[in-house]
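Scroll down for the structure; my scribbles are underneath it.
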Amino acid sequence: MDDGAYTTAAIAKLRNSVGHEIGDNPDVFAWTLPDTDDRAIRGYDSTDSGTPTPQEHAIYAAVTLFALHQQSIRDLSMHTDAGVSLGLAVGRMAYGNFNENGIRGMFDRLQTANSWKELTRHARGLIRLLRRERIAINYGMLAQDLEGLRSGRARANAVRLRWGRDFQRGYGAARASDDSNS
């Protein structure tokens, strides 16, 4: 990770915006709002309604959560291009953890949150735990998943199902790794 002054300041501004409404801190727009002319951004639909789109909410949450995850870690990126979903990472973290039940409970509450504020609060708690364990995730996938959780019952259930499968896969892989090291 580049630890230059600009990067450090950007991470701090983004980290301080976790859980806030889009627009509370316009200083972070350069990193949280996509170029509306870039049609390569999957499903992005800019409107002039004055309210954030579901995509903007998801991007904002993912980028600010990344900044929280990256806080104080200078030797390793907490974003990976590998297919590490939040479910997979949390499953890896839960195995053998003294607080496994608490981690599972927080993960369940994230998936069934009734509001965007509640969803981001539970995500923030999980990201702090992942930071402590230095487990990276794919933040592009997270943005898509967060959008999916807020895009109707069928898409939300598909995200939950994949996260559940990924959790079990991550948990099983951590257990197998632990067994082979014994």
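The values are calculated or read from the model by the stated rules, or taken from the named source; none is laboratory data. Model, not experiment: these values are computed from the prediction. Quick reminder, even Gly has a Cβ in these numbers, built from the backbone with ideal geometry, and neighbours come from all protein chains shown. In case anyone asks, the SASA skips ligands and DNA or RNA and just uses the protein heavy atoms, side chains included. Shrake-Rupley method; radii C 1.70, N 1.55, O 1.52, S 1.80 Å.
Descriptive notes on the structure:
- Selection of first residues in the range 157-182 that are of a type in the set (A, V, I, L, M, F, W, C) and of second residues that are open to solvent by 60 Å² or more (accessible area, probe 1.4 Å) and assigned to a helix (DSSP H, G or I), restricted to Cβ pairs under 8 Å at least 6 apart or on distinct chains, gives the following pairs, ordered by first then second residue: Ala173/Arg92; Ala174/Arg92.
- Unique residue being surrounded by fewer than 17 Cβ atoms within 10 Å (Cβ to Cβ), under 14 Å from the mean Cα position of the chain (by Cα) and charged (D, E, K, R) when the list is Arg124, Arg128, Arg132, Arg74: Arg128
- Some residue of the range 88-98 being in a loop (DSSP other than H, G, I, E, B) and open to solvent by less than 60 Å² (accessible area, probe 1.4 Å): yes
- A single member of His57, His69 is at pLDDT 90 or above, surrounded by 15 or more Cβ atoms within 10 Å (Cβ to Cβ) and under 17 Å from Ala123 (Cβ atoms), and it is His69.
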